[in-house]
1. State the extension gain, in nm to one decimal, for the chain segment bounded by VAL38 and GLU93, taking 0.36 nm per residue of separation less the distance between their alpha-carbons.
2. Per-residue HN-Hα couplings for segment 72-88, Karplus 6.51 cos²θ - 1.76 cosθ + 1.60 at θ = phi - 60°, whole Hz, x for Gly and Pro?
3. Would you grab the residues whose amide H sits under 5 Å from the one on HIS80? Only those 5+ places off in sequence or on another chain, please, with H modelled 1.01 Å from N.
4. With θ set to phi - 60°, apply the Karplus curve 6.51 cos²θ - 1.76 cosθ + 1.60 along segment 91-107 and write out the HN-Hα couplings as whole Hz, x wherever there is a Gly or Pro.
5. Sort all Cα-Cα distances of segment 85-148 into consecutive 10 angstrom bins from zero, then give the percent of pairs in each bin up to the one containing the longest distance.
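Only the coordinates and a few stated rules stand behind these numbers; no lab work does. Remember, predicted model here, so these are calculated numbers, not experimental data.
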Amino acid sequence: MRYSNRVRYVPLLLLLLACTEPGRSDDGGPCLTTADCVSGTICVRLGGAEADAFCMTRCEPEERLCESGRVCIDVGDESHACLLGGDAEVGDECEDTSECVDGAVCIADPDDEADRCYAACDTRSPSNCGSTETCVELDDSDGFCSAE
């Protein structure tokens, strides 16, 4: 008896369906409202009403860095989310933190007129800064790693 190639893909499809809630987006997936996102994530629209919205993992306001290494940001309505990183590497110019890679924030460079991406840190435990860097406080315990 000969089986169709489609039969081989049924277990893979069932596995994929089991990993997400039906009809809901995972972290990083598109959304219109939080109801479109899996549990533990919220729908976040950065950049105004015309910008695309994505499901992002919830985080607590006192967190600076999420377990994933992303930066925990205030997204309004007393909600915080682990920001999906952009393409700008640490040291690259940026206009907004959403442009920086996971774990980096966009800061006005004191030696330059351009804003640049810096590694984010928590001043209470600045262990993610390099050995020649210090965690400079922005507000509360939020900070960024800067060369000494």
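1. Details: separation 55, 0.36 × 55 = 19.80 nm, distance 3.33 nm.
Stretched out fully, the VAL38 to GLU93 stretch lengthens by 16.5 nm.
2. 3J(HN,Hα) across segment 72-88, in whole Hz: 7, 10, 7, 10, x, 6, 6, 10, 10, 9, 7, 5, 5, x, x, 9, 6.
3. Correct list: CYS59, VAL75.
4. So the Karplus estimates, Gly and Pro as x, are x, 6, 5, 8, 10, 8, 4, 5, 7, 7, 4, 3, x, 10, 10, 8, 10 Hz.
5. Reading the bins upward from 0: 27, 54, 19.
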